[in-house]
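Everything below concerns the one structure shown next.
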Amino acid sequence: MTASVKSFFNKFFGESGWVKENVPAAPYFVAAGNPVAANAPSYDDERPKALNMFAGENTGFIVVGTSMVPKGILNDDAIACEKIDEDERMDISAHKFVVVKVDKEWYKENRQLATFDYKLRYVLGYVPVNSDFDTFYKDISKKEDSVLVPSNKRELKRKYEEAVKYYGAETPLILSLTFKEGITHYSVHPVRLVEYEVVELGRLQSDGSWIKTELPAA
Amino acid sequence: MDCVNLLAFIQIAVAFDFGLVYLSNTHIFTNILDSLLEEMKVSCARLIKKAHTVCEQDRGYKGLAVRAKRAELIEVINNLEFLLDPQNVRWDKYAYTGIYSGVYGLLCLLLIGLKECRIDEFIHNFLLISGEIILIYQFINLIQLSRISNKKISVVKILYKGVWLCGILGLSVIIALTGFYWKIFQSFNLPFVLITICIVYFPFFVYAYRILKVWYTIKSKIRKCEALLKELENCIG
């Protein structure tokens with residue numbers, strides 16, 4: 001009953017039928033920010049050709065969205081990423097850019113359609129297993145200034161509780177951030193979903209060429 | 001009151017309404033907001049630069065109050081920079097209000113011109129019923145504008161909505177023909193004029209409101225940024 005009411009409400013007031021395009025993004029695009037709200041580029045998009053500039057075995061992605069602009073990664077940037085092995089997953093250092101696999105099941109349960117397979121995040125640190133929010137907050141507030149802003153603390157608490165409830169208190173989780181209209185947004189993901197670490201950055205120039213640039217510092 | 005006098009008002013609005021469907025980055029209406037943003041960007045460039053410098057200098061301070069103030073200031077600057085960037089302004093979803101009003105405006109132009117709006121009881125009823133339906137749709141649109149994301153919307157999808165609306169208007173024809181409706185207004189002229197003006201100028205009001213809202217939001221962010229900068233400077237002496 002609740003589901004049908006929700007579905008009826010979404011028909012009129014939700015995104016479906018208004019802006020949602022059900023076309024999935026090609027796997028070489030990474031959403032900077034929300035994989036639901038970002039525009040999925042078409043498969044015939046020319047930008048992925050730029051990924052050839054990264055030599056070696058690194059995986060390349062084109063960034064879609066402006067949610068990492070405050071951290072120095074722009075819309076249309078190309079990134080080269082190193083695969084994170086199973087045994088390296090608990091050694092990801094803070095202030096690194098990572099590519100996280102989108103948990104489509106989670107979005108499905110929240111009645112949203114994520115059109116991207118991957119999303120770009122900026123790591124802040126691990127969430128202690130079987131802990132409580134206050135202990136976690138005390139620990140993270142020593143290292144990260146943004147959580148000291150009262151509205152951000154509320155957002156962090158909400159995200160923490162949501163993730164712990166969904167994935168369970170025993171699942172190793174990682175805290176990362178992104179920006180929505182320049183305002184900090186936190187994400188708490190299971191560590192197993194973190195697949196790549198960003199190691200190189202390429203930027204589109206005004207003349208249409210691409211050049212490698214420095215990865216923004218923390 | 002003779003409805004024919006309305007024609008001139010409707011004609012101007014209809015052109016504006018359909019223009020919203022093709023509100024690309026080069027459109028004159030988007031240029032107005034872009035120019036406003038550019039002007040505001042120049043006016044607060046010094047403030048943003050100063051805020052960045054102070055935030056960078058204060059990195060060494062470990063006091064909780066300074067850290068919190070700095071974080072809040074960084075948050076406001078990031079938000080301000082986002083708001084000031086014309087590339088982040090998208091008009092796609094406004095096209096829906098444009099197409100709904102445009103279709104109704106066109107319908108009025110045709111029917112008023114055709115019958116001079118005096119003779120036919122059926123046309124009176126049809127215009128009122130379809131106007132009321134579109135007015136409801138526009139209010140749903142208004143709620144949607146603040147709720148939905150800024151995704152790109154293809155013109156095909158918007159035009160599809162226009163075709164779908166024509167289907168709804170077809171339903172109004174049936175309602176008007178069968179008389180299966182509850183008459184809200186007893187007279188025709190005054191309600192019709194008011195409804196029509198509301199509908200055809202609705203996108204214009206929404207467009208003007210958006211520009212004012214952007215201006216006000218940026219102004220309040222600038223004030224907040226100045227206050228935080230002052231507080232931060234006081235904190236570190």
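Readers should treat all values here as calculations from the given coordinates under stated rules, not as data from a laboratory. This one's a predicted model, so the numbers in the text were calculated from it and none came from an experiment. When we count neighbours, we look across all protein chains shown, and the Cβ atoms used for this are built from the backbone with ideal geometry, even at glycine.
At a glance:
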{"read-out": "Likely footprinting exposure, A:Y107, B:Y160, fewest C-beta neighbours within 10 Å first", "value": "B:Y160, A:Y107"}
{"read-out": "Sorted by Cβ neighbour density within 10 Å, fewest at the top, the residues B:C235, A:C81", "value": "B:C235, A:C81"}
{"read-out": "Least to most buried among A:D76, B:D92, A:D134 (fewest other Cβ within 10 Å first)", "value": "A:D134, A:D76, B:D92"}
{"read-out": "Under Karplus coefficients 6.51, -1.76 and 1.60, residue-wise ³J(HN,Hα) of segment A:49-56 in Hz, glycine/proline x", "value": "4, 5, 5, 5, 5, 8, 7, x"}
{"read-out": "Sequence-distant residues sharing a close amide H with A:G125 (under 5 Å, placed H)", "value": "A:L175"}
{"read-out": "Shielding by other protein chains, B:66-73, mean Cβ within 10 Å", "value": "5"}
{"read-out": "For the protein assembly as shown, Kirkwood radius (reciprocal of mean inverse C-alpha pair distance, Å)", "value": "25.2 Å"}
{"read-out": "Listed residue pairs exceeding 20 Å between alpha carbons, taken from A:K180/B:K221; B:K49/B:K230; A:K157/A:K180; A:K143/B:K69; A:K104/A:K159; A:K142/A:K165", "value": "A:K142/A:K165"}
{"read-out": "Contact order relative to length of segment A:20-213, as percent, for alpha carbon pairs under 8 angstrom and 6 or more apart", "value": "26 percent"}
{"read-out": "Helix-only mean residue ellipticity at 222 nm for chain B, each DSSP H run of n ≥ 4 adding -39500 (n - 2.57), per residue, nearest 500", "value": "-27500 deg cm²/dmol"}
{"read-out": "Distant-in-sequence amide H partners of A:G33 (H built 1.01 Å from N, under 5 Å)", "value": "A:L120"}
{"read-out": "Inter-chain shielding of B:80-89 (mean C-beta neighbours from other protein chains, 10 Å cut-off)", "value": "3"}
